[in-house]
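For reference, the structure discussed in these notes is given below.
The values are calculated or read from the model by the stated rules, or taken from the named source; none is laboratory data. Bear in mind that the values here come from a model prediction, so they are computed numbers and not experimental data. Note that we place each Cβ from the backbone using ideal geometry, even for glycine, and neighbour counts take in every protein chain shown.
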Amino acid sequence: MGYWEDLELAWWDTNVVNCSFCGQMIPKRRWVSEVEGEVRSFCSLDCEELYVNYWVPKHGHGVPARKVD
Ligand SMILES: [Zn+2]
């Protein structure tokens with residue numbers, strides 16, 4: 001369960017939000033969801049689903065799920 005949150009980042013704001021699953025920068029709107037007690041930000045519902053159903057069972061929620069290029 002989660003909710004959409006609009007990000008109002010000013011140009012001087014360096015607090016860039018990245019998706020917890022794919023690691024992409026989230027420019028305008030993030031999906032905020034609590035996963036096993038930890039609040040995570042996602043770029044899409046798909047990423048949340050993949051994170052919860054694929055990443056967490058395999059790697060645990062404490063590991064950043066960013067892809068390695
Ligand atoms: Zn994502």
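Tell me which residues, restricted to the range 10-59, are surrounded by 14 or more Cβ atoms within 10 Å (Cβ to Cβ) and among the aliphatic types (A, V, I, L, M).
Val17, Ile26, Val32, Val35, Leu50, Val52, Val56
Of all residues in the range 12-44, how many are aliphatic (A, V, I, L, M), farther than 20 Å from Lys58 by Cβ and not in a loop (DSSP other than H, G, I, E, B)?
3
Exactly one of these conditions fails for Trp55: (1) modelled with pLDDT of 90 or more; (2) outside any loop (DSSP other than H, G, I, E, B). Give me its number.
The number of the failed condition is (1).
Under the condition of being near the ligand (Cβ under 10 Å from one of its atoms) and among the aliphatic types (A, V, I, L, M), which residue from the range 26-62 is farthest from Gly2 (Cα to Cα)?
Taking the candidates together, the pick is Ile26.
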